[in-house]
Amino acid sequence: MTTARSDEQTPHPTESTSTRGAVGPLKRSSKPFDASDTTTEPIIHAGVTASVAANTVIPVPGVTSLASANTTEGSSGGTAGARAARSVLRAAQRARKRFERAEVRRFTGRTRRRRTAWILGAGSVVVAFGLIIGAAYSPLMALRTIEVVGTSRIPATDVSAALAGQIGTPLPLIETDLVKSELSQFTLIQSYVTESRPPGTLVVRIIERVPVGVLAGPTGFDLVDAAGVVIETTPVRTAGYPLIDAPNGIDSAGFTAAAAVLTVLPDSIRTQLDAVTAATTDDVTLSLLGGERVVWGSAEKSEYKAVVLAALFIGHPAGTVNEYDVSSPDSAVLR
């Protein structure tokens, strides 16, 4: 509700109190009523509670509220600032992660290089091993030639013919049991060693049995080695080998002792022997071609006894004494 007030009730805005005091009240002139000179103000009725808060601003049409403008500006400014802050935080976090990854790579570089070297080395070994295995089992490594070494009494061609069944087999796949079975047919072979020589050669190194004496048998004379294996049988005694007299045969302790003594004798003594007699392990006796005897005793210290006997032969040749006793080599006796 509005009411009109005349200029007589409302002082003019330019009127000053000090001016009135100095000059006195201005004379008011009458003026016709003009509606443009009126203003409107809210009127609060006495006894009625105001329905509008004291600080409420009444909007004026066509005029934007300053508070609303300020509120909108602050809200927009706050949202943009939060977005900027979050962007800066995310950028800082990404930079921190990049720095940490760089530091980890820097401190673990040596470990990674060492691990890479190990992996490459292991891979190279595996590849090389695979190539070797593939080549070894390929037809390129098939057996084509058999070379026999170390034979004198056994024809090498016989050994090669016995192993001919292995021709065409890759060297790593040659059956050792079959080779052993084929070579065991040769009684003169004491031991053997096989050697694969790529790309296609098998070398067989043979150690033949060494004869040490002759045994008299019902059908002739058997040339035997130290193990009693018969190397050959002849109707007459083979020259250059002593006759072994072992009453209980080749399986007796006397034969074992006599064979052990004959094995260590040097050629200078063995060529002078005619016979060896041994009934037990402690009574080995040698008979020389001139009839002299050598009391040997047991087979213990046979190498030492052989050296002592060779020295006695030099100082006292055969024919000058009847008996050489070397059963106690530290105190040899001549008779």
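The per residue volume of the convex hull around the alpha-carbon atoms of the stretch 95-147 is 76 Å³. Two numbers describe the Cα atoms of the stretch 290-335: Rg and Dmax, which are 9.8, 27 Å. Packing, taken as the mean count of other beta carbons within 10 Å per residue, orders the peptides 87-97, 211-221, 253-263 from highest to lowest as 253-263, 211-221, 87-97.
State whether the stretch 158-239 is rounded, prolate or oblate according to the following rule on the C-alpha gyration tensor (a ≥ b ≥ c being the square roots of its eigenvalues): a/c under 1.5 gives rounded; otherwise a/b larger than b/c gives prolate, and the remaining case gives oblate. Cα axes put the stretch 158-239 in the prolate bin.
Quick note: the coordinates plus some simple rules give every number you see, no bench work behind them. None of the values given here were measured: they were computed from a predicted structure. Positions of Cβ are backbone-derived with ideal geometry, glycine not excepted, and every protein chain shown enters the neighbour counts.
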